[in-house]
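Bear in mind that the values in this text are calculations on the coordinates, not laboratory data. Small disclaimer: the values here were computed from a predicted structure and weren't measured. Here Cβ is always computed from backbone atoms with ideal geometry, including for glycine, and neighbour counts include all displayed protein chains.
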Amino acid sequence: MSAVLPAAAGRGEAAPASEGVWHAAWRRLRADRVGMGSLVVVAGFVLLIALAAAGWVAADWQAEVGVPNAPPTLLGPRPAAAVGAIETPKGPDVDLSAVDPLAPRYAEWAQRARTYQTSETPRRETLAFGGDRLGRDVLAKAVKGTEISVFVGVAAAVSATLLGTLLGACGGFFGGKVADFLEWLYNVFESIPNILLIFAFAAVVGRGVQSVVVILALTGWTGMYRQVRAEFMKHRSREYVRAAEAIGAGAASRMFRHILPNVSHVILVRMSLLAVGFIKAEVILSYLGLGVRVDQVSWGTMLAEAQSELILGFWWQLATATLFMAVFVTAFSLMTDAWRDALDPKLRGLE
């Protein structure tokens, strides 16, 4: 009886293609619960930013919907004494006109105030997350501020990452005069204190969201350049790069198709640090009056306003802005750490 050959034998079928770098990284990321959870949180912030940019949420953040410094709903309305009410002596033998000459007019003024209404909708005594000194909803301000602060931090970090990665890849891969020129440029930027460099660019570029992104990107690329340059210098002589050169791969292919995926975990970690640092830098610039315009709101402007409110005991604007910033920064850092672990070639070799 003749032997039964396997179905695939003798038919010249090609071996299955190996799993790609990014596909394998996504598979490992899905197995990381913390990484996926942080990815969901960051995706939620991105969705919130998109809705705020489209005007579907927090479009009326400038509306004065509550009384000045309206407390959060859980605290309930503040007593009259807390909003500056004047207590007058009471008793049968007290002559109010002797204490306050205007006392006889108070009843008349109160009656006129009740009949005179400046807006169609009465202001609320409490708001979900409280109100600011003008009665604007702190929650709506935090949502709208998320759009600007996250956009500034992430856009500036991505821009600085692209610039630093491109320059670092060229300097580390080619060497020679290209590396000498880029090293000179790096030393020029590093020789100037960072805060002075930011102020100099701010004086030239001006205020606004786009201006802040440009300023932070132009002053924050140096650290990324230095790290990427060192990684490309280390990898350009590795066996897999020489093998790619032997089969005819060009310089751009070796740089960005072969070396870049193997150093991407370093770039992601650095980018996450840049994003966190740039969000803090936006807070400082807005606090100093060099950030977003006065008709815009960000986490930085909210923290600047909360400084004077905190002295009077109104803490809810500071707490809300800090809460939003802490949640996003933590989730973004954990997400980039998870991507770093998924893309790390050393960890890939342990599978």
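Ranking TRP221, HIS258, ALA244 by how far each Cα lies toward the positive end of the dipole of the range 196-258 (charges on Cβ) leaves ALA244 at the top. Overall form of the range 138-259: oblate. Here a/c, set by the Cα gyration tensor axes a ≥ b ≥ c, is 1.5 or more, and a/b is not larger than b/c. Rounded to the nearest 20, the size of the Cβ-charge dipole of the range 225-282 about its Cα centre is 140 debye, with Lys and Arg at +1 and Asp and Glu at -1. Quick one: Cα centre-to-centre distance for the range 139-217 and the range 269-345, in angstrom? Going from one Cα centre to the other spans 17 Å. Spin-label model, ALA243/VAL294: points 7 Å from Cα along the beta carbon direction are separated by 6.4 nm. In loop segments of the range 30-77 as defined by DSSP, the chymotrypsin sites (Phe, Trp or Tyr not before Pro) with at most 13 further C-beta atoms inside 10 Å of their C-beta are TRP56.
Residue separation of THR322 and HIS23 scaled by 0.36 nm, minus their Cα-Cα distance, works out to 104.0 nm of gained length.
What is the range 145-208 by shape, rounded, prolate or oblate, if you read a ≥ b ≥ c off the alpha carbon gyration tensor as root eigenvalues and call it rounded for a/c under 1.5, prolate for a/b larger than b/c, and oblate otherwise? It comes out oblate by the Cα gyration axes.
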